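Notes to accompany the following structure.
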Amino acid sequence: MKSFVCLLLLLTSVSAAAEDGAKLFTPCRACHSLDPTEQALPGPKLSGLIGRKVGGDPAFDYSPALRKANAEDLRWDVQRLDRFLADPAEMFPGLWMSIRGVEDATERAALVRFLSDPASR
Ligand code: HEC
């Protein structure tokens, strides 16, 4: 019985985290799509982001800041994405994305998880 309760608690917290990630991504959807076939929005597509080069959506015309990072072969991994979302313009001065960073580390982790793992969507 005890382990059953633990399992339930675990399942509830996992699905809550996934929902949080989706919820936190809602404002990003105004500019970003996760569907590679969707029509162009004001920002680059974020499907397959982890492992992809920074500035790596071939259909998007990036700022010089992100084009430079792309030329330097920087890639998105979980740590870089987390640091980026904390303060986007600090990582890439001159960035053309003017949103405030996600200050809360737990929220950021949920958002990063949502963006890294298609199964969590
Ligand atoms: C008002 C539109 C807008 C909103 C809202 C927005 N972004 Fe962006 N985002 C952009 C633009 C434009 C770029 C490209 C910036 C550049 O070229 O300097 C970008 C770039 C990015 C990149 C780098 C992509 C790459 O291909 O390397 C990531 C990651 C990203 N945004 C995540 C997010 C997340 C997560 C949110 C929500 C918390 C968000 N963005 C909200 C417009 C937006």
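Applying 0.36 nm per residue to the separation of Ile50 and Arg80 and subtracting their alpha-carbon distance, the gain on full extension is 9.8 nm. Gain on full extension, evaluated as 0.36 nm per residue between Glu103 and Asn70 minus their Cα-Cα distance, stands at 9.3 nm. Distances between placed amide hydrogens fall under 5 Å for Arg75 paired with Val54, all partners being 5 or more residues away or on another chain. In a DSSP loop and with at most 11 other Cβ atoms within 10 Å, the GluC sites (Glu not before Pro) in the range 21-121 are Glu38, Glu72, Glu103. Listed values for the range 85-102 are Karplus-derived 3J(HN,Hα) couplings in whole Hz (6.51 cos²θ - 1.76 cosθ + 1.60, θ = phi - 60°), namely 5, 5, 7, x, 6, 6, 6, 10, x, x, 4, 8, 10, 9, 10, 6, x, 8, and x replaces Gly and Pro. Separation of the range 33-54 and the range 55-87 by C-alpha centroid, Å? When both Cα centres are located, 12 Å separates them.
A short reminder: the numbers here are calculations on the coordinates, not readings from a lab. It should be emphasised that the depicted structure is a prediction, and the values quoted were computed from it without experimental measurement. All Cβ positions, even for glycine, are placed from backbone atoms using ideal geometry, and neighbour counts span all protein chains on display.
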